[in-house]
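Engineer: Mind looking over this structure? Questions follow.
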Amino acid sequence: MGPIQKEPKMEPEKGDCTDHSGIWDSPGHEKIKIFLWQILWNSIATKENLHKRVPHINQYCSFCPLTHESADHLLRFYPRASETWKLQTNQNFSHNRQSFQEWFRGNLKNVNVASHGIPWNVFFAFTLWHLWKRRNNWVFNKEKSGKERVV
Ligand SMILES: [Zn+2]
């Protein structure tokens with residue numbers, strides 16, 4: 001694998017003093033960066049977030065009837081997500097006690113080379129993206145992709 005070409009940086013808006021450098025330094029597609037940005041600002045279209053704007057929308061996970069579908073649930077603790085993390089990275093996040101934002105930011109700053117010679121933060125971002133796309137497939141094409149199918 002050759003050196004990864006850096007894409008032009010998208011800078012956070014002026015006046016925003018938090019450190020998001022982990023996101024903007026990680027190579028990757030723009031759509032993934034935008035996705036990461038939405039996670040950071042908790043604006044991804046999870047059912048919990050949609051419910052805040054449109055109260056009649058059901059805020060529960062499609063598979064765990066008692067749990068709100070938050071980004072944290074969907075991307076970290078949801079059994080299918082933690083299974084994916086475990087399979088792909090051999091890491092068990094289900095006992096992780098960091099807040100979602102700590103977990104998310106910490107992983108995005110980790111540039112150590114993971115398996116396959118890819119920096120951990122890139123691998124992490126792509127796995128989040130994969131989990132989100134898989135979730136959207138379930139939600140929007142339920143009849144096409146069987147519930148039990150693992151992409
Ligand atoms: Zn769930």
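Engineer: Could you go through region 52-64 and let me know if any residue there is within 16 Å of the ligand (Cβ to nearest atom), within 22 Å of residue 31 (Cα to Cα) and touching a residue at least 40 places away in the same chain (Cβ under 8 Å).
Structural biologist: no
Engineer: Could you please find all residues in region 65-99 being among the polar types (S, T, N, Q), touching a residue at least 12 places away in the same chain (Cβ under 8 Å) and either within 16 Å of the ligand (Cβ to nearest atom) or more than 23 Å from residue 33 (Cβ to Cβ) (or both)?
Structural biologist: Selection gives 70, 82, 84, 94, 96.
Engineer: Return a yes/no flag: does region 41-49 have any residue that is in a helix (DSSP H, G or I), loosely packed, with under 13 Cβ neighbours inside 10 Å and within 16 Å of the ligand (Cβ to nearest atom).
Structural biologist: No, region 41-49 contains no residue that is in a helix (DSSP H, G or I), loosely packed, with under 13 Cβ neighbours inside 10 Å and within 16 Å of the ligand (Cβ to nearest atom).
Engineer: Do we have any residue at all in region 100-110 that's assigned to a helix (DSSP H, G or I) and within 16 Å of the ligand (Cβ to nearest atom)?
Structural biologist: yes
Engineer: Scan region 133-147 and give yes if some residue there is touching a helix residue (DSSP H, G or I) at 6+ places or on another chain (Cβ under 9 Å), more than 16 Å from residue 32 (Cα to Cα), assigned to a helix (DSSP H, G or I) and not aromatic (Phe, Trp, Tyr), otherwise no.
Structural biologist: Yes, some residue in region 133-147 is touching a helix residue (DSSP H, G or I) at 6+ places or on another chain (Cβ under 9 Å), more than 16 Å from residue 32 (Cα to Cα), assigned to a helix (DSSP H, G or I) and not aromatic (Phe, Trp, Tyr).
FYI, it's all coordinate maths here, none of it is from the lab. All of these numbers come straight from a predicted model, not from anything done at the bench. Cβ coordinates were reconstructed from backbone atoms using ideal geometry, including for glycine residues, and neighbour counts include every protein chain displayed.
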